[in-house]
2 protein chains.
Amino acid sequence: MTKILIFGHKNPDTDTICSALAYAHLKQELGLNAEAARLGEPNQETQFALDYFKAEAPQYIEKVGDDVESVILVDHNEFPQSVDNIKDVRISEVIDHHRISSFETKEPLLFRAEPVGCTATIIYKMYKENNVAIPKQIAGLLLSAIISDSLLFQSPTCTKIDVDTAHALAEIAEVDADKYGLDMLKAGADLSKYTVAELLTMDAKPFVMNGVNVQIAQVNTVDLGEVYQRQAELEDEITKIVHEKDLGLFLFVATDIVHSDSDVLAIGKDQDKVEKAFNVILKNNRALLKGVVSRKKQIVTNLTDAFKG
Amino acid sequence: MTKILIFGHKNPDTDTICSALAYAHLKQELGLNAEAARLGEPNQETQFALDYFKAEAPQYIEKVGDDVESVILVDHNEFPQSVDNIKDVRISEVIDHHRISSFETKEPLLFRAEPVGCTATIIYKMYKENNVAIPKQIAGLLLSAIISDSLLFQSPTCTKIDVDTAHALAEIAEVDADKYGLDMLKAGADLSKYTVAELLTMDAKPFVMNGVNVQIAQVNTVDLGEVYQRQAELEDEITKIVHEKDLGLFLFVATDIVHSDSDVLAIGKDQDKVEKAFNVILKNNRALLKGVVSRKKQIVTNLTDAFKG
């Protein structure tokens, strides 16, 4: 039977890993030869979720092999965020909740994007539509994804549908969403074990804004001070990346998950776009963005506008 | 209440017009202030369907006005095929069955593309999902769209879902799908009343293939000989368009709906790509493509490959 590979974006987060696993399971239940894959190491938060629900991380792939008939992208659509040889493979489906950009196909496909807070919310819906029961483990993983993307329902990207879905999943997974969620977020927010290089790549996404290469890396923390103890080191490393990747801007976003603010560090010749986008003044290359927690809904949109105008 | 405008592609065909009308009705039933629109004149086939089911054509728009909160694209996603000021408006939804290309948004949206033969088939599904009854008139229009896009179920793009949907719609519309369908297709295939300029624009779509501007115009006929009586005139007019629009290739596709073949006329410096794509030799700028009826599934895909390699 022809093989279908299902994977999320590079620098995988909890939604990318868990949605790939859950959608592969659904496809298998529907009789298809589907396998989940990942394009990078699971982060601490994701590993906590996998361990808690006794799940294996999907197989790591560097590129899609010749034995694969088609691929399904979850939690992303922009080619620069996908597997390196994405342009050489047949994409049969996309299940996502992001803006659409830098994506194209030669043939029609199933493309399902919905403006909800998490891909896992859409996957849950697809289980229901196909009348496939959600196993306890899969429910736990999907719940973890929603908690992660919504910062325990605090992010402006979080919709009522996400909250309702999370509570239905928590029941199947037999956990208390709030208690489990906080434990999981804290596991991910312990940044002390990460090197500076890891902080800058663990959840970094490339964008092209009005022709300019922009990289936005985000970390969650419960202690902004701890993160910026290493500011000098962060700046050195970012400066290297800016040169290597010919970036106009590298924006490092440290999000305080307790207070729901972000303290950002901006490096690059287009630094001023950050000031313009958020109406702030960078001091020592940094600014506190009050109430900003969502890269997708609050950062990418405003920055894209700032680069245009 | 904020206004939502729903429209299909330029040079509207029956699916574009009827899906816009049917989806606007569904949105209205769901309590939204939605209006259907069109970006050009309905063709003879579409007019036959509108007249038969006593429906009004949607309002014509040249661009999206300031009073519109967001737009919904049906039956297309590629910006060059859409309204001129598409980049300045908020796209809240796309319902489509084509490849995805030259499309991007700043924010997440509902994007629903399915690899079926017709947008109307997806709209039918959405009525069902929302438990909204399909009025007889709307059923007739959706049926007309499926018959048009599938050439009465003969096109390779036609899936079992399209056929089943068409039969369910025919029952609501109280018509015999085959008899009504042939009458409608014949109404559209009577090309005698069209000028050469009209033949070249009535169902023409622009594409960008490996950086080259390509225009593909298609007409349905029951008499290929009649169409090519005007070959010299067609060539003169196409040559003009090639220069005006800086095209590498203009491909005129005359599809014989009785024998399910297409006789194509290719003009432009990239003429040879047609020979390569279909393994034919152009004689007098023309070639018969046996069994080729679908621009989307048989022509665009092969041509895109020929331009790449």
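Coordinate-derived values only; no laboratory data. This is a predicted model, so every value here is computed, not measured. Note: ideal-geometry Cβ built from the backbone for every residue, glycine included; neighbour counts use all protein chains shown.
What FRET efficiency would be calculated for the residue pair B:N33, B:E107, taking the C-beta separation as r and a Förster radius of 35 Å, to the nearest 0.05?
On the way: r = 21 Å, r/R0 = 0.59.
Once rounded, the FRET efficiency stands at 0.95.
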What is the projected area of the convex hull of the Cα atoms of the protein assembly as shown, averaged over all directions, in nm²?
28.0 nm²
As a percent rounded to 5, the proportion of antiparallel DSSP bridges among beta bridges in the protein assembly as shown is 40 percent
Give me the count of lysine pairs in the stretch B:1-122 whose alpha carbons sit under 25 angstrom apart, restricted to pairs 8 or more positions apart or on different chains.
16
Starting from the Cα of B:K63, step 7 Å along the direction of its Cβ; do the same at A:R90; then give the gap between the two resulting points in nm.
4.2 nm
Mind computing the radius of gyration and Dmax over the alpha-carbon atoms of the stretch A:94-148? Å is fine for both.
13.0, 38
Inter-part distance where the stretch A:146-211 and the stretch B:11-90 are each reduced to a Cα centre, Å
39 Å
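Please arrange B:K205, A:K240, B:K106 by how many other C-beta atoms lie within 10 Å of their C-beta, fewest to most. Walk me through the numbers on the way to the answer.
Details: B:K205 21, A:K240 13, B:K106 17.
Ordered from fewest to most neighbouring Cβ atoms within 10 Å, B:K205, A:K240, B:K106 come out as A:K240, B:K106, B:K205.
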Taking N as the number of residues in the stretch B:72-165, the ratio of its alpha carbon radius of gyration to 2.2 N^0.38 Å works out to 1.14
Suppose you put the label 7 Å out from Cα in the Cβ direction; list, shortest first and in nm with one decimal, how far B:E56 is from each other copy's label.
6.3
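Where does chain A land at 222 nm, in deg cm²/dmol rounded to the nearest 500, when only DSSP H runs of n ≥ 4 count, each adding -39500 (n - 2.57), divided by all residues?
On the way: 11 runs with 118 residues, N = 309.
Result for chain A: -11500 deg cm²/dmol, rounded to the nearest 500.
For A:E129 and B:N284, what does the FRET efficiency come to when R0 = 41 Å and r is the distance between their Cβ atoms, rounded to the nearest 0.05? Mind showing how you got there, number by number?
Numbers: r = 53 Å, r/R0 = 1.29.
Taking R0 as 41 Å, the efficiency between A:E129 and B:N284 is 0.20.
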Rough spin-label spacing in nm, given labels placed 7 Å along Cα→Cβ, for A:E171 and B:V196
7.0 nm
P(r) of the stretch B:1-150 over all Cα-Cα pairs, 5 Å bins starting at 0, rounded to whole percent, reads 2, 10, 22, 25, 22, 14, 5, 1, 0
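In the calculated pair distance distribution of the stretch A:158-268, what percentage of Cα-Cα distances lie above 25 Å?
Numbers: 2159 of 6105 pairs.
The proportion of pairs with Cα distances above 25 Å equals 35 percent.
Counting Lys +1, Arg +1, Asp -1, Glu -1, what net charge surrounds B:V74 among other residues with beta carbon under 12 Å of its beta carbon? Working shown, then result.
Details: positive: B:K27, B:R38, B:R112; negative: B:D13, B:D15, B:D75, B:E93, B:D96.
Net local charge, B:V74 excluded: -2.
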With only alpha-carbon atoms counted, please give the Rg and Dmax of chain A, in Å.
18.8, 58
Between copies, how far apart are the A:E107 label points? List them in nm, one decimal, shortest first, with each point 7 Å from Cα toward Cβ, please?
3.5
Space enclosed by the convex hull of the alpha-carbon atoms of the stretch A:182-222, per residue, Å³:
76 Å³
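How much net charge surrounds B:D13 when only other residues with a Cβ under 11 Å from its Cβ are counted (Lys, Arg +1; Asp, Glu -1)?
On the way: positive: B:K10, B:R38, B:K205, B:R295; negative: B:D15, B:E45, B:D75, B:D149, B:D203.
Within the 11 Å Cβ shell, the charges total -1.
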Using a label position 7 Å from Cα in the Cα→Cβ direction, what is the ascending list of nm distances from A:E129 to the same site in the other copies?
0.5
What does the structure give for A:86-98 when I average, per residue, the other chain Cβ atoms found within 10 Å of the residue Cβ?
1
